[in-house]
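Here the structure is laid out as structure tokens; the discussion comes afterwards.
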Amino acid sequence: MRSKITDKAAPEFMRVKFWGVRGSTPTPQVENLRYGGNTSCVEVRLGDRIYIFDCGTGFRVLGHELEREFGDRPFAAHIFVSHFHWDHIQGIPFFRPLYDSPNSQFVFHSSSRTRGLEQVMAEQMASPYFPVNLDQMKAKRDFCDIQNGCLDMEDGIKIKTAWLNHPQGCLGFRLETKEGVLVYATDNEPGDPNFDKAVRKLAEGADILIYDAQYLPEEYEARRHGWGHSHWREAVNVVMESGAKELILYHHDPDHTDAIVDKVVRDARNYYPKVRAAAEGMEIVL
Ligand SMILES: [Zn+2]
Ligand SMILES: [Zn+2]
């Protein structure tokens with residue numbers, strides 16, 4: 001799976017920006033704010049193409065930034081949703097361009113193995129959970145159902161997916177472009193041989209591997225089996241065994257302060273040097 005796209009179409013760079021890095025629930029507490037308190041959302045720019053992975057509360061902040069950038073000009077984005085747990089969809093009703101940009105277009109990609117995203121969005125905004133009706137969203141929305149496999153996007157960009165080991169399922173994504181390969185694999189518990197193999201194959205040779213490191217290894221062992229998450233030691237195993245280059249620890253536990261995440265990074269670097277922890281606002285350019 002070590003393929004980079006070789007044709008010479010439009011994008012000339014890949015810029016990755018983290019808008020939400022926290023797992024499970026937002027944590028706007030002072031001791032967490034250096035890494036950040038918003039839940040899962042990563043933006044990838046490929047030239048003027050916009051790809052977004054997950055719609056946690058960081059998605060709301062990204063929406064404001066896109067409105068600032070584009071003003072009245074319409075724009076388009078592909079949005080990949082790994083699964084429908086709250087921390088991956090909670091920003092959708094607060095993403096302003098969905099209401100305010102009638103000529104903008106958002107293509108949502110997810111799996112309807114349990115439920116379609118369109119239905120999930122309607123339910124999320126239904127009475128009595130939300131004050132505004134879904135039909136207030138004026139932007140064009142399309143919903144694509146993806147399963148295990150490969151999506152051919154514009155400009156020769158490819159998205160490959162694999163199921164991860166998580167309650168109700170979670171999709172991992174591999175974005176292949178001529179600029180580089182990014183893998184977004186969050187919400188994945190180690191220990192099942194088939195899933196362990198699948199995530200290593202998904203990550204093979206990637207330039208950037210964004211990976212679930214919610215727990216400390218000792219927390220996982222003591223009381224978190226079956227909760228669907230990984231820890232930094234397994235993240236290091238995955239990066240080393242897949243031949244991916246840079247590891248970004250992601251989906252930080254809500255109870256992990258900045259000091260704990262700092263220590264996790266130090267510990268992980270004893271095993272593999274190219275490790276960082278995702279932080280809100282952090283950018284990587286390939
Ligand atoms: Zn999650
Ligand atoms: Zn989850």
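The values are calculated or read from the model by the stated rules, or taken from the named source; none is laboratory data. Since the structure is predicted, the reported quantities are computational estimates derived from the model, not experimental observations. Cβ coordinates were reconstructed from backbone atoms using ideal geometry, including for glycine residues, and neighbour counts include every protein chain displayed.
List of remarks:
- Among all positions in the stretch 56-65, there is at least one residue which is within 16 Å of ligand 1 (Cβ to nearest atom), among the β-branched types (Val, Ile, Thr) and under 14 Å from GLY281 (Cα atoms).
- LEU117 meets the stated requirement of being farther than 27 Å from PHE13 by Cβ and out of contact with any Gly (no Cβ under 8 Å at 6 or more places or on another chain).
- Considering the conditions (1) more than 16 Å from ligand 2 (Cβ to nearest atom); (2) aromatic (Phe, Trp, Tyr); (3) surrounded by 24 or more Cβ atoms within 10 Å (Cβ to Cβ), PHE108 is excluded by exactly one of them, (3).
- Leading residue by the ranking (nearest to GLY169 (Cα to Cα)) among those in the stretch 74-86 that are within 12 Å of ligand 1 (Cβ to nearest atom) and crowded, with 21+ Cβ neighbours inside 10 Å: HIS83
- Any chance GLU67 is of a type in the set (Asp, Glu) and closer than 24 Å to ALA279 by Cβ: yes
- Once the stretch 205-225 is narrowed to residues that are under 20 Å from THR27 (Cβ atoms) and of a type in the set (A, V, I, L, M, F, W, C), the residue that is farthest from ligand 2 (Cβ to nearest atom) is LEU216.
- With respect to (1) more than 16 Å from ligand 2 (Cβ to nearest atom); (2) buried (at least 20 other Cβ atoms within 10 Å of the Cβ), the lone exception for ILE89 is condition (1).
- Matching entry among GLY71, GLY116 (being more than 16 Å from ligand 1 (Cβ to nearest atom), on the phi > 0 side of the Ramachandran plot and surrounded by fewer than 24 Cβ atoms within 10 Å (Cβ to Cβ)): GLY71
- Checked against (1) over 24 Å from ILE157 (Cα atoms); (2) assigned to a helix (DSSP H, G or I); (3) within 19 Å of the chain's Cα centre (by Cα), GLU67 passes all but condition (3).
- Some residue of the stretch 8-21 being among the acidic types (Asp, Glu) and either more than 16 Å from ligand 2 (Cβ to nearest atom) or in a loop (DSSP other than H, G, I, E, B) (or both): yes
- HIS231 being under 21 Å from GLY37 (Cβ atoms) and within 16 Å of ligand 2 (Cβ to nearest atom): yes
- Test: residue in the stretch 157-166 that is within 16 Å of ligand 1 (Cβ to nearest atom) and aromatic (Phe, Trp, Tyr): yes
- Tallying residues that are in contact with a Leu (Cβ under 9 Å, 6 or more places away or on another chain), part of a strand (DSSP E or B), over 15 Å from ILE50 (Cα atoms) and not polar (S, T, N, Q) within the stretch 143-171 yields 9.
- Filtering the stretch 82-130 to residues that are outside any helix (DSSP H, G or I), over 16 Å from the mean Cα position of the chain (by Cα) and either within 21 Å of GLN147 (Cα to Cα) or free of Cβ contacts under 8 Å to residues at least 12 places away in the same chain (or both) leaves PHE106, SER112, ARG113, THR114, ARG115, GLY116, ALA126, SER127, PRO128, TYR129.
- In the stretch 123-169, residue farthest from PRO193 (Cα to Cα) [restricted to those that are aromatic (Phe, Trp, Tyr) and in contact with a strand residue (DSSP E or B) (Cβ under 9 Å, 6 or more places away or on another chain)]: PHE143
- Complete set of residues in the stretch 192-215 that are within 17 Å of the chain's Cα centre (by Cα) and of a type in the set (Ser, Thr, Tyr): TYR211
- Positions within the stretch 71-103 being at pLDDT 95 or above and hydroxyl-bearing (Ser, Thr, Tyr), in sequence order: SER82, TYR99
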